[in-house]
Structure formats: structure tokens, C-alpha cells
């Protein structure tokens, strides 16, 4: 506790040891990441994936934690939860929607079967259609940083979720172009775009595509359904997502639904 190493919360070895011990300790049932930031990707080579396969647990976090979600999915075929973190979302004034959805999903039996994840507004589709597939993804910047590594997910027939914060539109353009040039976008069965918070044109730049225009450029011709403004990411109000779980999205039914219990 309270360790630091430059801009990291301890050395890579200290942090990976803590991570591995949390999974191997019998009386620990769930692991919550305190916050995101940077540095989780440095742990991937030191994680004891064989032990984690034997003792899978509830694992929660988002943003930079995406690298851990993706590695656990790829190496352990494990369901993880992209959701609120204590030092960020549960620190002071807790949003009631964020809190209730998280605890309902964690504690209420069969809550995952409910499609009314957000009663306040309808889903918004950039491209209409229906799709089924295992949901993977998370923070776009972190996801792209793993391309070409053994921790990057197999995207064939997957539904890809993406979100980000503080990235100028031209940077989003560059990252999505990399996904396209790698031939990864055409493998997908669907796309869900969450919050892209503070992703605005730099003041020094005269002209810029909007984030919506960039999404339209890369996704509109793929022939798969694309949801935009999904309530997850660096947002005050967000729903928790069970990554690595089969889901179905439908513009006709205006629905997002799980097809399997994320806890089994």
C-alpha cells in the first residue's frame, strides 16, 4: 500500500506480485482497481495466468485497466467487468445510476437478463441492424497499444466496445485508421461506442473533423450495427459491462442484452 515508483504505484514486480496474490488468495472474492491512468500494460508479462485460470474472480476497472481485461480474456478466457473504480467513481459523490447498476449486476440473481439497462433514454444507432457476439474492448488508446502482441483479442465475430478521454479527433482518426489497416474492423459483427469525453479539437488547430464524422468514415460502410453514445466510459453516469460475455444488439428492438450469465 502507498508505494510509488516515479509515476507508477510501485515497481512492475511489486504491482504484478500484488495482482497475482490477489487472485491466489482464497478469501479474496473480488478485485477492484482503484483507478486507471497508465501502467497496467507493463504487468502483462508477469501475470500468473495459469493460477488465474484455476481461481477466476470478479475483476473490475476501466480506462487503462483495459490492458488487464484484454489479457485475462485472451490468456484465461475470463469474463471481467468494465465498471466503476473506488478512487474515481465511488470516492465522494456517487452517482445513483452508476452505483445501482453496478450492485444490481453484481448481487441480484438474473439481473443480467434485463434489457432495460438505461430507462432514461433509447439507444442511438449510427448504423442499424442486429448482431450477436462476445463483447470485448474498452479504452481505444489502450486497445490499440496492444496490436501485434499476444494479448490482443481475436476480433473475429466479436462485438467491439470502445471509449476514450482527452484524445483530439485527429488522434482518434489515427487509431481507428490503424485498426482498419490491420484488417481488424472487417472481422467484427458489431460495434458499441461509449463515451468519448473531452475529445475535442485543439485550440491551435483551425479545422478538424468532428468525432461523429470520424466514426461515420470508419464504420458506416462496414455493414454491421454500430451503437453510439452508449452510457459507459469516463462518464458520471455509466452502466457496468461484462466483458467476454456473449451479447445481442438490435436497432429494431432498440436493445442491448446478454445471452449468457457472466457469473457462470
Count, please, the residues in segment 146-167 that happen to be buried (at least 16 other Cβ atoms within 10 Å of the Cβ) and under 19 Å from residue 235 (Cβ atoms). 7
Can you name every residue in segment 82-98 that is out of contact with any helix residue (DSSP H, G or I) (no Cβ under 9 Å at 6 or more places or on another chain), assigned to a loop (DSSP other than H, G, I, E, B) and either without any contact (Cβ under 8 Å) to a residue 24 or more places away in the chain or closer than 20 Å to residue 58 by Cβ (or both)? 86, 87, 91, 92, 93, 94
May I ask you to list the residues in segment 48-77 that are assigned to a loop (DSSP other than H, G, I, E, B) and either within 17 Å of residue 8 (Cα to Cα) or under 14 Å from the mean Cα position of the chain (by Cα) (or both)? 62
Show me the strands (runs of 3 or more DSSP E) entirely contained within segment 213-264 in which 3 or more residues are more than 25 Å from residue 198 (Cα to Cα). 246-250, 255-258
Restricting to segment 78-97, name every residue that is surrounded by 18 or more Cβ atoms within 10 Å (Cβ to Cβ) and either under 15 Å from the mean Cα position of the chain (by Cα) or farther than 17 Å from residue 241 by Cα (or both). 78, 79, 80, 81, 82, 83, 84, 85
Scan segment 149-199 residue by residue and report those that are part of a loop (DSSP other than H, G, I, E, B), within 22 Å of residue 38 (Cα to Cα) and in contact with a helix residue (DSSP H, G or I) (Cβ under 6 Å, 6 or more places away or on another chain). 151, 153, 199
Within segment 21-39, is there a residue that is at pLDDT 95 or above, under 14 Å from the mean Cα position of the chain (by Cα) and assigned to a strand (DSSP E or B)? no
For segment 107-119, check the following and say yes or no: at least one residue is touching a residue at least 12 places away in the same chain (Cβ under 8 Å) and over 23 Å from residue 260 (Cβ atoms). no
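The values are calculated or read from the model by the stated rules, or taken from the named source; none is laboratory data. Please read all numbers here as calculations on a predicted model, not as lab measurements. Heads up, the Cβs are rebuilt from the backbone with ideal geometry, glycines too, and the neighbour counts pull from every protein chain shown.
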